[in-house]
Amino acid sequence: MTTLAHGFVALLLALTAPAALAQVFKWVDENGRVHYGEKPPAGAKASAVKPPAATPNTPAMPQDLQSQEHEFRGRQIRKREDEAREAKDAANREAMCKYARERLAIAERASLYRMEKGERVFYSDAEQKAEIESRRAAVARSCG
């Protein structure tokens, strides 16, 4: 690098350093709204805001670009896995709803029966009504 380039880089760093160290102020306007900024309006009672201190629960900043990239890719993978799991759950809920609706439709249009000793025994009117209500409740649970 030439001396001119070194000087340019030094000048650029000198100009950006104050922005990184800029003080932040907090003030409340006449409507009671809280504002933050580098320069409070004239006449406003402002107080300097300290940057938050790191706590044990605060994750440490990544040391380099490689670890940032690794964390980013991990977040992408977790997001895709979550989306796939949500899609699978939605498909399962839809299938259960469809099944419950089909069972209800059958009970509403046909006489139901059970098998006893190899023979059909048809439901009484009360049993049929109870089964239809049971299947309606299943639809409400599955589709609601």
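Tabulated values for the structure
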| quantity | calculated |
| --- | --- |
| Filter result (of a type in the set (A, V, I, L, M, F, W, C), open to solvent by less than 100 Å² (accessible area, probe 1.4 Å) and assigned to a helix (DSSP H, G or I)) within the stretch 73-123 | Ile77, Ala84, Ala87, Ala90, Ala91, Ala95, Cys97, Ala100, Leu104, Ala105, Ile106, Ala107 |
| Single residue of Ala110, Ala60, Ala90 found to be modelled with pLDDT of 85 or more and either of a type in the set (Ser, Thr, Tyr) or more than 30 Å from Lys129 (Cα to Cα) (or both) | Ala90 |
| Failed item, numbered, when Ala126 is tested on (1) under 22 Å from Ala140 (Cβ atoms); (2) surrounded by 10 or more Cβ atoms within 10 Å (Cβ to Cβ); (3) not basic (Lys, Arg) | (2) |
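The values are calculated or read from the model by the stated rules, or taken from the named source; none is laboratory data. This is a predicted model, so every value here is computed, not measured. So basically every Cβ, Gly included, is an ideal-geometry build from the backbone, and we count neighbours across all protein chains shown. Heavy atoms of the whole protein, side chains included, go into the accessibility calculation; ligands, DNA and RNA do not. Shrake-Rupley method; radii C 1.70, N 1.55, O 1.52, S 1.80 Å.
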